[in-house]
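Encoded as structure tokens, the structure appears first; notes follow it.
The values are calculated or read from the model by the stated rules, or taken from the named source; none is laboratory data. Because the structure is a prediction, the values reported are computed rather than measured. Every residue, glycine among them, receives a Cβ derived from its backbone with ideal geometry; neighbour counts consider all protein chains shown.
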Amino acid sequence: MDAFYQSPPSYDAIREKICQIKREFPFVRNFSVGSSLLGRGLFALSLGNVHNACFVCGAVHGMEWLTSLVCLRFFEEVAKAYREKQCIAGLDVHKAIAARGLVVVPCVNPDGVMLSLYGPETAGALRDKVLRIAPDGDTARWQANARGVDLNHNFNAGFAALKEMERRAGITRPAMTRYGGDYPGSEPESRALVQFCEAYRPENAVALHSQGEEIYYDYGPCTPVRSALIARLMAEAGGYQVLEPEGLASHGGFKDWFIDKLHRPGFTIEIGKGENPLPASDFPEVYPRVRDMLMVPLVL
């Protein structure tokens with residue numbers, strides 16, 4: 001296994017891995033979909049038709065950086081199978097990519113990842129703000145972006161209901177987790193995903209989170225009928241459970257927005273099991289099951 005997948009990924013390591021994949025597979029595209037609050041690029045890799053793609057993103061939450069490794073390894077394996085006309089999980093990758101592209105944004109929240117891994121000094125000009133949120137300087141469990149906004153609560157899907165839930169839970173200001181911001185799309189990272197999806201309209205979208213070995217697919221009356229089948233097949237492929245979100249996880253997420261606004265299948269997969277942040281040593285056990293699950297929306 002490549003050494004990259006054996007340790008937590010810094011922003012620079014992720015950027016270099018994307019460049020390495022592009023060098024090894026010249027037929028893929030790499031591009032930016034935007035920038036983080038602190039100016040770190042939100043990089044994407046694509047293969048096939050970017051306008052009719054399966055879209056996969058990771059590290060929406062800072063301490064869930066293991067999802068970045070999964071995203072990059074999945075793209076790398078798909079690109080290799082495409083080049084060599086091989087199958088993954090018994091599915092013909094070359095045929096799948098000819099019908100539908102794959103776009104991966106492995107690290108939606110690079111500022112949060114750096115805070116979780118390397119502490120408040122990585123926040124630059126926002127260091128003091130970070131220390132007001134985490135006065136002891138312990139940011140290992142940081143989920144939010146550098147401004148203390150939880151990106152997966154910052155999308156325009158049931159936002160008013162989410163804010164009322166936050167108020168009842170006593171969440172009224174920036175925090176390491178669960179504060180959804182002043183208004184939907186207030187953060188550059190969430191806006192970048194919205195703008196990309198509105199421009200390219202992926203056929204489906206999967207956001208990788210951790211942990212729990214769970215799949216979520218439903219959000220209100222706009223949930224496509226076929227979403228239930230795709231979720232069930234993913235669950236069978238990886239041995240995960242299909243569940244309904246509860247409480248503060250019920251609104252404001254990327255998956256919720258994607259379903260509500262684009263009326264297309266959107267999914268959250270909670271990878272692995274244990275206590276966040278899951279260690280890099282979990283990758284060899286977690287990845288093969290998630291890979292097989294991700295092949296389902298790529299081909300359906």
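Residue count for the range 54-83 under the criterion of being crowded, with 24+ Cβ neighbours inside 10 Å and among the small types (Gly, Ala, Ser): the result is 4. Identify all residues within the range 83-120 that are over 30 Å from LEU300 (Cβ atoms), in contact with a Gly (Cβ under 9 Å, 6 or more places away or on another chain) and either charged (D, E, K, R) or touching a residue at least 40 places away in the same chain (Cβ under 8 Å) (or both); write none if there are none. Scanning the range 83-120 gives PRO110, ASP111, GLY112, VAL113, MET114, LEU115, SER116, LEU117. The set of residues in the range 28-37 being out of contact with any Pro (no Cβ under 8 Å at 6 or more places or on another chain) and either under 26 Å from HIS153 (Cα atoms) or buried (at least 19 other Cβ atoms within 10 Å of the Cβ) (or both) consists of VAL28, PHE31, SER32, VAL33. Of all residues assigned to the range 230-253, none qualifies as being of a type in the set (D, E, K, R), modelled with pLDDT of 95 or more, more than 16 Å from the chain's Cα centre (by Cα) and closer than 20 Å to CYS107 by Cα. Filtered by the rule that a residue be within 18 Å of VAL149 (Cβ to Cβ), out of contact with any Leu (no Cβ under 7 Å at 6 or more places or on another chain) and among the aromatic types (Phe, Trp, Tyr), the range 233-263 gives a lone residue, TRP257. Could you go through the range 203-214 and let me know if any residue there is touching a residue at least 40 places away in the same chain (Cβ under 8 Å) and either over 30 Å from VAL225 (Cα atoms) or part of a helix (DSSP H, G or I) (or both). For the range 203-214, residues touching a residue at least 40 places away in the same chain (Cβ under 8 Å) and either over 30 Å from VAL225 (Cα atoms) or part of a helix (DSSP H, G or I) (or both): absent.
Scanning the range 1-39 for residues that are hydrophobic (A, V, I, L, M, F, W, C), assigned to a loop (DSSP other than H, G, I, E, B) and more than 20 Å from VAL78 (Cα to Cα) returns LEU37, LEU38.
Restrict the check to the range 199-206 and report whether at least one residue is at pLDDT 95 or above, closer than 24 Å to MET165 by Cα and in contact with a strand residue (DSSP E or B) (Cβ under 9 Å, 6 or more places away or on another chain). No: zero hits.
Within the range 99-135, work out how many residues are more than 14 Å from the chain's Cα centre (by Cα) and closer than 16 Å to HIS209 by Cβ. Of the residues in the range 99-135, 1 are more than 14 Å from the chain's Cα centre (by Cα) and closer than 16 Å to HIS209 by Cβ. So which of ASN145, ASN152, ASN156 is of a type in the set (S, T, N, Q) and in contact with a strand residue (DSSP E or B) (Cβ under 9 Å, 6 or more places away or on another chain)? Being of a type in the set (S, T, N, Q) and in contact with a strand residue (DSSP E or B) (Cβ under 9 Å, 6 or more places away or on another chain) holds for just one of ASN145, ASN152, ASN156, which is ASN152. Looking across PHE25, PHE43, one residue alone is surrounded by fewer than 21 Cβ atoms within 10 Å (Cβ to Cβ), under 22 Å from PHE283 (Cβ atoms) and at pLDDT 95 or above. It is PHE25. Checking PRO297, PRO224, PRO245, PRO288 one by one, the residue that is touching a residue at least 24 places away in the same chain (Cβ under 8 Å) and farther than 22 Å from HIS61 by Cβ is PRO224 and no other. Scanning the range 254-300 for residues that are among the charged types (D, E, K, R) and either part of a loop (DSSP other than H, G, I, E, B) or farther than 19 Å from SER68 by Cα (or both), we see that the one that is nearest to the chain's Cα centre (by Cα) is ASP256. Within the range 237-266, the set of residues being surrounded by fewer than 16 Cβ atoms within 10 Å (Cβ to Cβ) and out of contact with any helix residue (DSSP H, G or I) (no Cβ under 9 Å at 6 or more places or on another chain) comprises GLU246, HIS263.
To keep it simple, each residue is scored yes or no on (1) touching an Asp or Glu at 6+ places or on another chain (Cβ under 7 Å); (2) within 23 Å of TYR219 (Cα to Cα); (3) among the charged types (D, E, K, R).
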position	(1), (2), (3)
LEU131	no, no, no
ARG141	no, no, yes
ASP150	no, yes, yes
GLY158	yes, yes, no
GLU166	no, yes, yes
GLU203	no, yes, yes
ALA207	no, yes, no
